[in-house]
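As structure tokens, the structure follows; a few thoughts come after it.
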Amino acid sequence: METINPEIRLSAPEHIAPSTVTFTVNRIQTSVQVLPWVSLLDALRDALDLTGVKKGCDHGQCGACTVLCDGKRILSCLTLAVMKSGSEITTIEGVAESDQLHPLQQAFIDHDAFQCGYCTPGQICSAIGMMQEGKARTRAEVKELMSGNLCRCGANTNIIDAIMAVKDGGTNA
Amino acid sequence: MHNFFYTRANSIEEAIDGIRVDSAAKYVAGGTNLIDLLKYNIERADVLVDVNHVEVFPDAEQMADGCLRLSAFMTNADTAYHPLVEKKYPLLSEAILAGASAQIRNMATNGGNLLQRTRCYYFYDPAMPCNKREPGSGCPALNGYNRMMAILGTSSECIAVFPSDMCVALAALGAVVEVEGPSGQRHIPFSEFHRLPGRTPHLDNNLEAGEIITAICLPPEGFSRNYAYLKLRDRNSYAFALVSVALALEMDGECIREARIALGGVAHKPWRVPDAEDFLQGREATPGNFAAAADLILQGAQAFEHNGFKIELAKKAIVRAGKMALHPETHLPGAQPPSFENL
């Protein structure tokens, strides 16, 4: 088990001590020392160096920070690291199987589903979560259930194409 | 974000005790609104009492009296997709799924949905006065940019709207809110849970200090045959309502036996007018009758400089929702307005 002691906030008063948060991140059990007000997003990026998790708006409006927590897609900016002690977190760094890209990663490449790429990790984690939920059948439903991930380059059409190519083995694409 | 202590409660009693010892403590569950408000320095807390680990019995329980009791700690997504909610209370499912995004619905809890704060731009801007944030400081929305603001039940001190979709459906269904606090358990009818701003716009609801929502009870009648949630907004998804309508009918042939209509996006709480629902009772479900009911609901509506469109929009939305309620097969993902061309 790996233990990291990042100094995320230097200005903390001494009477509020960091606590140890132990969770499984990308299949590895990990402990970090964090102060109570550190978001899961900041802990993943700054303490664990998982900078694939993007800090877009930091206010729950863009979806760039989407990660999977116990299999569910959530916004890592709107939760605290201390609240997720004991959880299992998957970030974009953890979706591939060693050298084998996740089918959605490959589909995003094949369908030209990004330009700048900033929203892509959140888009892919969100799409994985959406497929596990099993509630999106039609293209219209996929669009609705992916609306929490904004793409300012305007690659949305290709993003939905990429998801439709993978979802249900591409049978509804 | 300012500094605070964090503690986990393992039971409702522990949570209430955690709040009792520190008046500046706050409960946190999904955190989707509270943590954002802490980041903006709009909410403050010395201690966050995490209630995600309190032991509660089943998420959704069918009670002997026919009610469905939903845990306050269940997520919005789990509620919307719960088989009993989908089957018996599809109005609630549709309203929940029209709100926020899939990620936020996976985090936000039922109790927290009732307690979310307004998205009034002035409330969200600590550089501006706001009677809801700082009582007595003033309301810049009255004479400012007020396109999103309320048209019903406003006061000279606050014209903010309550942003929930889920609560509009809960109001129409006549849910009951179960709360626990330092002085025990009580049940609050949904219509009495949220407040109008009046002289005390800093109070959103009638919870007492330290009280926590433990459950939401849905009455036996779920209006699962004829119902509609229609949400009108600036973009088709992931935006707050300009106007929304939850409409439910119990039909007796061509005639309405019982009607429920609640509006969102127009007031400081979900808006219901019993006189309008009584008017529809025994009448045919025609656009003309829904329009007459809409006139009764919007009676007394007062617009400000930029939100006059909401009055007409709400009236038309009610008529459209009436038609949608008769044809649930027309409903679209995200409670978007359907086309009736093929009917």
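The values are calculated or read from the model by the stated rules, or taken from the named source; none is laboratory data. Source: prediction; values computed, not measured. Neighbour counts run over all protein chains shown; Cβ positions are idealised from the backbone, glycine included.
Quick look at the numbers
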{"read-out": "Residue in the range B:225-247 that is farthest from B:Arg119 (Cα to Cα), counting only those that are within 11 Å of chain A (Cβ to nearest Cβ) and over 15 Å from the mean Cα position of the chain (by Cα)", "value": "B:Asn236"}
{"read-out": "Only one of A:Cys77, A:Cys57 that is within 14 Å of chain B (Cβ to nearest Cβ), in a loop (DSSP other than H, G, I, E, B), of a type in the set (A, V, I, L, M, F, W, C) and in contact with a helix residue (DSSP H, G or I) (Cβ under 9 Å, 6 or more places away or on another chain)", "value": "A:Cys57"}
{"read-out": "Top-ranked residue of the range B:109-143 - restricted to ones that are within 16 Å of B:Gly264 (Cβ to Cβ) and either within 11 Å of chain A (Cβ to nearest Cβ) or among the basic types (Lys, Arg) (or both), ranked as surrounded by the most Cβ atoms within 10 Å (Cβ to Cβ)", "value": "B:Arg117"}
{"read-out": "Checking A:Thr90 against (1) within 10 Å of another protein chain (Cβ to nearest Cβ); (2) within 30 Å of B:Asn3 (Cα to Cα); (3) touching a Leu at 6+ places or on another chain (Cβ under 9 Å), the condition it does not meet", "value": "(1)"}
{"read-out": "Of residues in the range A:1-39 being away from chain B (no Cβ under 14 Å) and at pLDDT below 95, the one surrounded by the most Cβ atoms within 10 Å (Cβ to Cβ)", "value": "A:Pro6"}
{"read-out": "Enumeration of residues in the range B:17-44 that are over 15 Å from B:Gly112 (Cα atoms) and surrounded by fewer than 21 Cβ atoms within 10 Å (Cβ to Cβ)", "value": "B:Asp17, B:Arg20, B:Val21, B:Asp22, B:Ser23, B:Ala24, B:Ala25, B:Lys39, B:Tyr40, B:Asn41, B:Ile42, B:Arg44"}
{"read-out": "So A:His59, is it surrounded by fewer than 24 Cβ atoms within 10 Å (Cβ to Cβ) and assigned by TED's automatic domain parsing to the domain that holds A:Ser126", "value": "no"}
{"read-out": "Criterion (more than 10 Å from every other protein chain (Cβ to nearest Cβ) and closer than 19 Å to B:Ala77 by Cα) met by exactly one of A:Ala140, A:Ala107, A:Ala127", "value": "A:Ala127"}
{"read-out": "Matching residues in the range B:252-277 - criterion: being without any contact (Cβ under 8 Å) to a residue 60 or more places away in the chain and in a strand (DSSP E or B)", "value": "B:Asp252, B:Cys255, B:Ile256, B:Arg257, B:Glu258, B:Ala259"}
{"read-out": "Some residue of the range B:57-72 being more than 23 Å from B:Tyr6 (Cβ to Cβ), basic (Lys, Arg), within 14 Å of another protein chain (Cβ to nearest Cβ) and within 22 Å of the chain's Cα centre (by Cα)", "value": "no"}
{"read-out": "Residue under evaluation B:Leu34, criteria (1) modelled with pLDDT of 95 or more; (2) facing chain A (nearest Cβ under 8 Å), criterion not met", "value": "(2)"}
{"read-out": "Residue ranges of helices (runs of 4 or more DSSP H) in the range A:103-173 with at least 2 members among the hydroxyl-bearing types (Ser, Thr, Tyr) and surrounded by 14 or more Cβ atoms within 10 Å (Cβ to Cβ)", "value": "A:120-133"}
{"read-out": "Residue list for the range B:34-53, restricted to those being within 24 Å of the chain's Cα centre (by Cα) and over 16 Å from A:Trp37 (Cβ atoms)", "value": "B:Val51, B:Asn52"}
